Amino acid sequence: MSYQYMYQESIMKPEHFWKKQAERLAWFQEPKTILGLDQYNYPQWFKDGKLNVSYLCIDKHIEDGFGHQNAIIYDSPVTQTKQHISFNKLHEEVSKLAGGLQSLGLEKGDTCVIYMPMIPQALYAMLACARLGVIHSVVFGGFAPHELAIRIDDCKPKAIITASNGIEIERIIPYKPFVDEAINLAEFKPKRVIVYDRKLGVEIPHQDRDVDYGELVSKSEAVAPVEVESNHPLYILYTSGTTGKPKGIIRDSGGYATALKFSMKHVYGVEEGDVYWAASDVGWVVGHSYIVYGPLLNRNTTVLFEGKPIKTPDASTFWRVISEHNVKVMFTAPTAIRAIKKEDPNGEFINKSDISCLKYQFLAGERCDVATLRWTEQHLKIPVIDHWWQTESGWPMLTNMVGVELMAVKPGSASLPVCGYDIQILNEEGKEVAAGVEGYVAAKLPLPPGTLLNLWGNPQRFKSGYLDKFPGYYFSGDGGYKDEDGYVFITGRVDDIINVAGHRLSTAEMEEIVASHHAVAECAVFGVHCDLKGQKPLGLIVLKTGDEQDENQISKEIIQDVRHEIGAVAAFRDVLVVKRLPKTRSGKILRKLLRNISDDLEYNVPSTIEDVTIISEIESVYKKNQIGIHKNIINHE
Ligand code: COA
Ligand code: AMP
């Protein structure tokens, strides 16, 4: 079947199309209502269907005779450990942990936070929650206790599952102490903290509420999967919004399982039994969908990699993992490729490895620059596919659907809409624009199965953030354009969200922290170009007048404040002191102008600017501090 045929069918007859896909799952109760609408005309898929995602990821494959197949290959260069985990073993671990959680009082509808590094127990924890109908919320390990506390207060978990430590390049991350600190900071106090001891020889602080993971599993009975409704939340995943408060994306169960199963075959081109590797982290949506649920639903072997593309031990790691575990399709962020390219520009490590098993390389998480795409194509000699999606969508919205038909790759474009997504480029009035004209990237409702159900505890924010701007559409928050062939080019966010090394962060949140420093009169935080990480945050501060100030010391304190409040993942390392900030006459800081100057993007000086001379002041501060691309500044001289 051609891509065009399949895509058109998905848009013209969505109920028929997704009913067929849903039939590929073993429901406990097959859905009769395929597409329902809520009060906002927002889709609710398979409403009366009943299933259990943990059952579909594990038990079903054992019943079908694949219990001995590897479900997970854990490869950890940071601990020099490799472990092959069959579906039988996964069943034992997950069903007993679920029994343990049940014995602690967790039941269907409760929430549970998981704050864990990339170890098999993180996957067991997610799947054990899913088995009971407990809604998990995984928090990325790079977030600081303060961020964890915000999430605890928002989703009010009955328990937290964590590990003693994580391992980053050259340092041990104290996960358990971070959890204790977060609980101290949070207003809501979870009753239990289940701690997996990695036995790394580091002392673990103990509290009365703690439960040892190993002991809990060893004394618990295995439990059977609990039947849940299709719309029962499988998880909440917090992501950055345009305010300081993260948004809790709610994912359903039946729509998500249907979409992920469909995507493994038709988007990624893998068949049951193949080895699939997404080099991300379970704390991100990529980890949820393509380290855990997608591959396991489709009976693929998933690679769980605890390491980095470089320095663990070097830039050959990715190719070693692919070769050693016979990976057929791999998924990573362009940043990872840029990091490898920097260490091994001629791809010598690639040439030394036998990676003939690899059929497709997928990239996502941030814009893929043409140089990175070309380098990867040249050295891997296979199709390299840039694809676009978000935490909200849960699975790709734009891609080259290689499992259906391999289309031409156009550098700079994430290709064509995925089945089910009617992607349109709209102007401010909500009208579709012509080819080549940039606008807002939106998807006409109904969205296909698998996308966000709502925002946890905040349906109003869900409606105002995604549905109100263009009635009848889901608004993605990204800008872009289509070419004559319908290929979409994503040009970047149109809000205060930035992408640092494929990690989505809110500059508004950073700005709140910077502004709260006692020496700061006003400030602006925004994303500027970074050769390695795509973007990085930059803070400009105006100091309060008064006593003489040590600018260096203040900058250091502010950097430390952001690291302490948000976490190392913010990668906030640049603060510049300026005399004043460009503003409109009504006092609004011109952040976009500040960013455009540094990134050498074309810009018009707004006619509303308070004082135009400030632009050259800013340019010279950038130049002195080697911020941004500079061509622009040089042109002005
Ligand atoms: N737990 C605790 N800390 C973490 C963490 C985790 N799970 N992940 C990252 N951090 C810390 C890092 O140690 C680093 O701390 P530092 O400032 O003390 O050095 C900081 O957060 C920034 O991390 P990162 O952005 O990963 O930068 P890096 O310099 O350590 O590594 C790359 C650079 C390019 C190797 C790395 O960013 C990378 O692998 N990127 C791929 C991106 C990716 O997979 N994205 C997922 C979306 S698909
Ligand atoms: P996240 O929710 O963390 O997955 O981040 C989603 C955001 O990352 C999107 O809204 C885009 O801004 C950006 N993004 C993800 N993939 C791509 C891509 N392939 N091309 C351009 N931007 C991307």
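Only the coordinates and a few stated rules stand behind these numbers; no lab work does. These figures come from a predicted structure and were not determined experimentally. Reconstructed Cβ throughout: ideal geometry from the backbone, glycine too, with neighbour counts over all protein chains shown.
Going highest first, how would you order 322-329, 507-514, 477-484, 549-556 by mean Cβ packing within 10 Å?
Most protected by this proxy first, the peptides run 507-514, 322-329, 477-484, 549-556.
For residue 583, give me every one of the lysines with a C-alpha distance below 21 angstrom, ignoring sequence neighbours fewer than eight places off in its own chain.
544, 592, 623
Could you tell me which of 569, 549, 535 has its Cα farthest along the dipole of the range 487-605 towards the positive end, charges placed at Cβ (Lys, Arg +1; Asp, Glu -1), taken about the Cα centre?
So the residue furthest toward the plus end is 535.
Place a +1 charge on the Cβ of each Lys and Arg in the range 206-320 and a -1 charge on the Cβ of each Asp and Glu, then give the dipole magnitude about the Cα centre in debye, rounded to the nearest 20.
Value, rounded to 20: 520 debye.
What whole number of Å gives the distance from the Cα centroid of the range 470-527 to the Cα centroid of the range 1-74?
Centre-to-centre (Cα) distance: 32 Å.
Got the relative contact order for the range 1-137 handy, in percent, Cα pairs under 8 Å and 6 or more residues apart?
Relative contact order for the range 1-137 comes out at 17 percent.
Just going by the charge dipole of the chain, with Lys and Arg at +1 and Asp and Glu at -1 on Cβ, which of 399, 121, 295 is farthest out on the positive end?
295
Based on other C-beta atoms within 10 Å, arrange 310, 172, 291 from fewest to most.
172, 310, 291
Determine the dipole magnitude for the chain: charges of +1 sit on the beta-carbon of Lys and Arg, -1 on that of Asp and Glu, nothing else is charged, the reference point is the Cα centre, and the result goes in debye to the nearest 20.
560 debye
If a/c stays under 1.5 just call it rounded; otherwise compare a/b with b/c (prolate if a/b is bigger, oblate if not). Do that for the range 499-636, with a ≥ b ≥ c from the square roots of the Cα gyration tensor eigenvalues.
Cα axes put the range 499-636 in the oblate bin.
Roughly speaking, what is the centre-to-centre gap between the range 285-319 and the range 204-270 when only Cα atoms are used, to the nearest Å?
17 Å
Toward the positive end of the charge dipole of the range 486-624, about the Cα centre and with charges on Cβ (Lys, Arg +1; Asp, Glu -1), which of 606, 510, 586 goes farthest?
606
Quick one: 3J(HN,Hα) in Hz for the range 509-516, Karplus 6.51/-1.76/1.60 with θ = phi - 60°, rounded, Gly and Pro as x.
With coefficients 6.51, -1.76 and 1.60, one gets 5, 5, 4, 4, 6, 4, 5, 7 Hz.
Need the list of aspartates and glutamates near residue 556 for cross-linking: C-alpha distance under 16 angstrom, and skip anything on the same chain fewer than eight residues off.
Cross-link targets: 511, 565, 574.
Given the -39500 (n - 2.57) contribution per DSSP H run of 4+ residues, what per-residue ellipticity at 222 nm results for the chain, rounded to the nearest 500 deg cm²/dmol?
The per-residue figure over the chain is -8500 deg cm²/dmol.
Could you name the lysines whose alpha carbon sits less than 19 Å from that of residue 219, not counting residues in the same chain fewer than 8 places away?
Reachable lysines: 89, 96.
Which pairs in the list 245/469; 13/265; 536/624; 341/624; 108/265 are over 23 Å apart, alpha-carbon to alpha-carbon?
Going by Cα-Cα distance, 341/624; 108/265 fall outside the 23 Å limit.
Provide, in order from the shortest bin, the percent of all Cα-Cα pairs of the range 107-246 in each 5 Å bin, continuing until the bin that contains the maximum pair distance.
2, 10, 20, 23, 21, 14, 7, 2, 1, 0
Can you give me the three principal axis dimensions of the chain from its C-alpha atoms, in Å, biggest first?
73, 60, 57
Please figure out what share of the DSSP beta bridges in the chain is antiparallel and state it in percent, rounded to the nearest 5.
Among the beta bridges of the chain, antiparallel pairing accounts for roughly 60 percent.
Neighbouring Cβ atoms within 10 Å as the yardstick, rank 485, 422, 252 fewest first.
Exposure proxy ranking, most exposed first: 485, 422, 252.
Kindly flag which residue pairs out of 410/482; 82/308; 308/482 have an alpha-carbon separation exceeding 23 Å in this structure.
308/482, as the Cα separations exceed 23 Å there.
Determine the equivalent ellipsoid of the range 88-145 by diagonalising the alpha-carbon gyration tensor, then write out the semi-axes as square roots of 5 times the eigenvalues, largest first, rounded to whole Å.
Here the semi-axes work out to 19, 15, 8 Å.
Enter the angle in degrees (range 0 to 90, nearest 10) between the Cα long axis of helix 370-380 and the first principal axis of the Cα atoms of the chain, meaning the one along which they spread out most.
40 degrees
Sequence-distant or interchain residues sharing an amide H contact under 5 Å with residue 528, placed H: which?
536, 538
Using +1 on the beta carbon of Lys and Arg, -1 on that of Asp and Glu, and nothing else charged, what's the dipole of the range 499-636 about the Cα centre, debye to 20?
Here the range 499-636 has a charge dipole of around 380 debye.
What number, in percent, do you get for the relative contact order of the range 499-636 if the mean sequence gap of Cα pairs under 8 Å and at least 6 apart is divided by its residue count?
Relative contact order here is 21 percent.
Could you give the angle, 0 to 90 degrees to the nearest 10, between helix 87-103's Cα long axis and the longest principal axis of the Cα atoms of the chain?
Taking the Cα atoms of the chain, the angle to 87-103 is about 80 degrees.
For the chain, find the longest principal axis of its Cα atoms and tell me its angle to the long axis of helix 145-155, 0 to 90°, nearest 10.
60 degrees
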